[in-house]
Amino acid sequence: MDKMELPPVTPDGVLAEIQGKGLHSIRHIIFELSRQVAPEQALALARVLYLKPDVHGAMAAALLAGHVSYVVPEALRFLRETVTLHPHLKVQDCLARGLDHWLLNVGFERGMVELKDWGRDPREFARRAAVEAPRPWTRRDYFKARPQEAIRFVAGFKADPSPYVRFSVGSAFGEMGKDHPDLVRAELEGWNTKDPIISNTYTFAARHLHSKMGRVFTAPATPTA
């Protein structure tokens, strides 16, 4: 019996499939769709989806490009040069998940070189993705044996001018603090909290270590797009 022929994957079809669904479900749907087309076709589809007025189009574009980025370098450039410009935070969350897919496929030895380069990017959402993509950092196999490498990298963004980046830094530290409270506490206690920007990041980062650090903090509001 001949293999059943799948219907063509179209931008409108993708949008109809993912509308009204959460990020977890959308990621699964896009992953399955990406297997139905060649990687270059997936990137072409992502470019069309990104231009749709419905935010779900850009979300799908980020995930779709991320799924093929390890075999199509242009897809990784699309994420960094185009998707990072989108103003909606849901799209940026999908960008982080797309970049994470690239990391899982190329490995962290190579991936950290690229993340450090993203971390120097003038686009705030490129820097945010560099912090967000590997979360939860110290739960990844590579960093289980190298928690201080993860801590040092994330700490490098504590004075970032973008509140989105700083909130991601704080959230990442909160997660790492659950696994390595002593290492995180040692890092945070060396921060210059007289600097208002660093103090803001510190508040986010320390909120899960209140009792261990013997201090009381009031967490600032979460940034919204």
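Data for the structure
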{"read-out": "Among residues of segment 1-24, those that are at pLDDT 80 or above and either of a type in the set (Asp, Glu) or touching a strand residue (DSSP E or B) at 6+ places or on another chain (Cβ under 9 Å) (or both), counted", "value": "2"}
{"read-out": "Lone qualifier among ARG120, ARG110 - being at pLDDT below 95, of a type outside the set (Ser, Thr, Tyr) and surrounded by fewer than 19 Cβ atoms within 10 Å (Cβ to Cβ)", "value": "ARG110"}
{"read-out": "Residue ranges of helices (runs of 4 or more DSSP H) in segment 119-170 with at least 1 members among the small types (Gly, Ala, Ser), within 20 Å of TRP102 (Cβ to Cβ) and touching a residue at least 12 places away in the same chain (Cβ under 8 Å)", "value": "124-132, 147-155"}
{"read-out": "Residue match in segment 70-77 (condition: of a type outside the set (A, V, I, L, M), out of contact with any Ser or Thr (no Cβ under 8 Å at 6 or more places or on another chain) and not in a helix (DSSP H, G or I))", "value": "yes"}
{"read-out": "Qualifying residue in segment 189-206 (condition: over 15 Å from the mean Cα position of the chain (by Cα), at pLDDT below 95, on the phi > 0 side of the Ramachandran plot and loosely packed, with under 15 Cβ neighbours inside 10 Å)", "value": "no"}
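Quick grid of which residues meet (1) β-branched (Val, Ile, Thr); (2) surrounded by fewer than 17 Cβ atoms within 10 Å (Cβ to Cβ); (3) not assigned by TED's automatic domain parsing to the domain that holds SER168:
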position	(1), (2), (3)
VAL71	yes, yes, yes
PRO87	no, yes, yes
ASP93	no, no, yes
ARG97	no, no, yes
TRP102	no, no, yes
LYS116	no, yes, yes
PHE125	no, no, yes
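The values are calculated or read from the model by the stated rules, or taken from the named source; none is laboratory data. Quick caveat: nothing in here was measured; it's all calculated off a predicted structure. Backbone-built Cβ (ideal geometry, glycine too); neighbour counts: all protein chains shown.
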